[in-house]
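Encoded as structure tokens, the structure appears first; notes follow it.
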Amino acid sequence: MDFSLSSLQTDIAEAATKISAAFPMSYWRAKDRTEEYPWEFVKPFAEGGWLGLIIPQTYGGMGLGIAEAAVFLNRVAASGAGMSGASALHFYIFPPMPIVRHGSESMKKRFLPDVAAGKLLSAFGITEPNAGSDTSRIETRAVKQGDHWLISGQKLWTTNAQNAPKILVLTRTSPRDPAKPLAGLTLFFTDLDRRYCAIRRIDKLGRAAVDSNEVFIKNLPARDDEIVGELGKGFEYLLDGFNPERIVLAAEAIGIGRAALQLATRYAAERIVFERPIGANQAIAHPLAKAWAHLESTELMVFKAASQYDSGQSCAKAANAAKYLAAEAAFDACDAALQTLGGLGYAKEFDVERLWREVRLYKIAPISQEMVLNFLSQKALNLPKSY
Ligand SMILES: Cc1cc2nc3c(=O)[nH]c(=O)nc-3n(C[C@H](O)[C@H](O)[C@H](O)COP(=O)(O)OP(=O)(O)OC[C@H]3O[C@@H](n4cnc5c(N)ncnc54)[C@H](O)[C@@H]3O)c2cc1C
């Protein structure tokens with residue numbers, strides 16, 4: 001068993017760290033305050049071709065695996081860019097997965113090169129006010145009218161809708177069948193045409209630079225050739241992307257935990273209270289050491305899941321466990337870091353509180369910890385399905 005990175009992965013890690021280093025903590029602090037999209041940050045990654053990391057080379061990408069994507073986004077997040085930086089890149093890499101795997105040849109040729117080059121930002125619309133964890137309950141409908149479709153409904157938490165010209169949107173195209181509740185859902189990749197969509201930004205706890213929105217859709221027209229894959233199979237296609245996304249998000253969370261740990265250990269070594277560095281107190285050192293150990297061990301699960309996925313093995317249990325463990329370990333690391341800085345941990349100028357706010361999201365999205373445990377209870381432990 002070899003636990004070291006390959007030379008390609010080492011190069012990827014170095015490149016991600018080097019590009020990210022041009023965007024210091026002060027840049028992210030300002031973005032957090034102004035809530036502006038980090039276009040300047042995305043640009044050098046787009047120019048370097050990094051947004052096409054897992055897009056096949058035929059369509060302008062690098063054609064690399066999930067392990068490479070995990071290494072890459074881990075280093076981006078660990079630079080202090082946190083979830084704001086990782087998400088700004090991540091949303092070029094993951095939402096297009098159903099198109100990569102199931103889109104028509106013409107859809108792939110037309111859009112994937114622009115996604116890989118960072119020229120096409122997409123919004124991602126699955127969640128709705130009445131359907132989050134239970135996707136089968138979505139109410140957004142696509143109805144065929146003559147030669148085109150009309151989409152109407154409401155999406156919630158739609159990332160990137162402030163700027164994206166396109167949306168990958170999940171719709172119901174046939175009534176919900178209780179025997180097959182996830183059948184009859186169709187994915188469209190279509191224009192987010194503001195004449196038919198009202199978009200309202202959600203004011204939220206963290207990751208302020210990358211917008212989340214409510215999208216009210218009324219009679220948005222779409223063509224047959226904007227359907228991803230086959231009619232009614234949209235959820236199946238999304239499922240394909242869930243495991244790799246969970247693996248890479250876990251790697252991002254670990255990166256954020258490490259960034260916080262670095263800030264905290266530096267502070268613990270320098271801050272003198274009662275005439276000695278606070279890091280000399282085990283009450284300060286042990287939570288940081290524990291966080292280090294949890295992040296390290298969680299990373300092994302991330303790479304196990306990535307290796308399973310990249311070699312075509314079933315990876316769902318490992319991918320879900322990795323996302324669960326990473327969300328816990330990274331939040332605990334940020335929390336221990338915040339405590340280490342005492343009062344200054346609460347001050348924006350010291351950056352730990354931003355990482356702490358951002359990392360909290362991994363416990364909720366893209367899937368909640370409870371739903372991961374529901375899945376593992378059933379699939380790893382053979383307990384009755386509870387959802
Ligand atoms: C910042 C942010 C960005 C997001 N970006 C996107 C995006 O780009 N596109 C998109 O489509 N969605 C996005 N989401 C939505 C996200 O995927 C959902 O919030 C998440 O899946 C949980 O769904 P929900 O919020 O509807 O919670 P609900 O499904 O309402 O659940 C509420 C709580 O109840 C728990 N719960 C529900 N059922 C069970 C059960 N059977 N057993 C145990 N616990 C249960 C859940 O775990 C959760 O804690 C985003 C969310 C956030 C906060």
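The values are calculated or read from the model by the stated rules, or taken from the named source; none is laboratory data. Computed from a predicted structure; not experimentally measured. Virtual Cβ from ideal backbone geometry, glycine too; neighbours counted across all protein chains shown.
A search for C-beta distances below 9 Å between a residue of region 1-15 that is under 12 Å from A69 (Cα atoms) and any residue that is outside any helix (DSSP H, G or I) and of a type in the set (A, V, I, L, M, F, W, C), counting only pairs 6+ apart in sequence or on different chains, returns L8/L64; I12/L5; I12/L53; I12/L64; A13/L5. Scanning region 191-213 for residues that are surrounded by 22 or more Cβ atoms within 10 Å (Cβ to Cβ) and away from the ligand (no atom under 13 Å from the Cβ) yields a single hit, C197. If only residues of region 160-178 that are outside any loop (DSSP other than H, G, I, E, B) and touching a Ser or Thr at 6+ places or on another chain (Cβ under 6 Å) are counted, the one that is nearest to the ligand (Cβ to nearest atom) is L168. Within region 343-387, restricting attention to residues that are within 15 Å of the ligand (Cβ to nearest atom) and of a type in the set (S, T, N, Q), the residue that is modelled with the lowest pLDDT is S386. For region 98-130, the tally of residues that are within 16 Å of the ligand (Cβ to nearest atom), within 19 Å of the chain's Cα centre (by Cα), under 28 Å from V372 (Cβ atoms) and of a type outside the set (V, I, T) stands at 6. Selection of first residues in region 81-101 that are in contact (Cβ under 8 Å) with a residue 24 or more places away in the chain and of second residues that are away from the ligand (no atom under 13 Å from the Cβ) and polar (S, T, N, Q), restricted to Cβ pairs under 9 Å at least 6 apart or on distinct chains, gives the following pairs, ordered by first then second residue: A81/S20; G85/S20; G85/S79; A86/N74. Restricting attention to region 77-121, the residues that are among the polar types (S, T, N, Q) and farther than 26 Å from I254 by Cβ add up to 2.
The residues on offer are A319, A329, and the sole one that is away from the ligand (no atom under 13 Å from the Cβ), under 20 Å from A81 (Cβ atoms), crowded, with 22+ Cβ neighbours inside 10 Å and not β-branched (V, I, T) is A329. Of the set (1) at pLDDT below 95; (2) more than 21 Å from E245 (Cα to Cα), all apply to R101 but (2).
Contact map, region 225-251: residues that are touching a residue at least 60 places away in the same chain (Cβ under 8 Å) and more than 21 Å from V359 (Cβ to Cβ) paired with residues that are among the charged types (D, E, K, R) and surrounded by fewer than 22 Cβ atoms within 10 Å (Cβ to Cβ), Cβ distance under 8 Å, separation 6+ or inter-chain. Pairs shown: Y237/R101; D240/R101; G241/R101. Yes or no: region 206-214 includes at least one residue that is farther than 30 Å from V352 by Cβ and either in contact (Cβ under 8 Å) with a residue 12 or more places away in the chain or assigned to a strand (DSSP E or B) (or both). For region 206-214, residues farther than 30 Å from V352 by Cβ and either in contact (Cβ under 8 Å) with a residue 12 or more places away in the chain or assigned to a strand (DSSP E or B) (or both): present. Would region 38-59 turn up any residue that is surrounded by 13 or more Cβ atoms within 10 Å (Cβ to Cβ), closer than 17 Å to L355 by Cβ and at pLDDT 95 or above? Yes, some residue in region 38-59 is surrounded by 13 or more Cβ atoms within 10 Å (Cβ to Cβ), closer than 17 Å to L355 by Cβ and at pLDDT 95 or above. Selection within region 215-238: residues that are part of a helix (DSSP H, G or I) and surrounded by 14 or more Cβ atoms within 10 Å (Cβ to Cβ). The member of this set that is farthest from the chain's Cα centre (by Cα) is E226.
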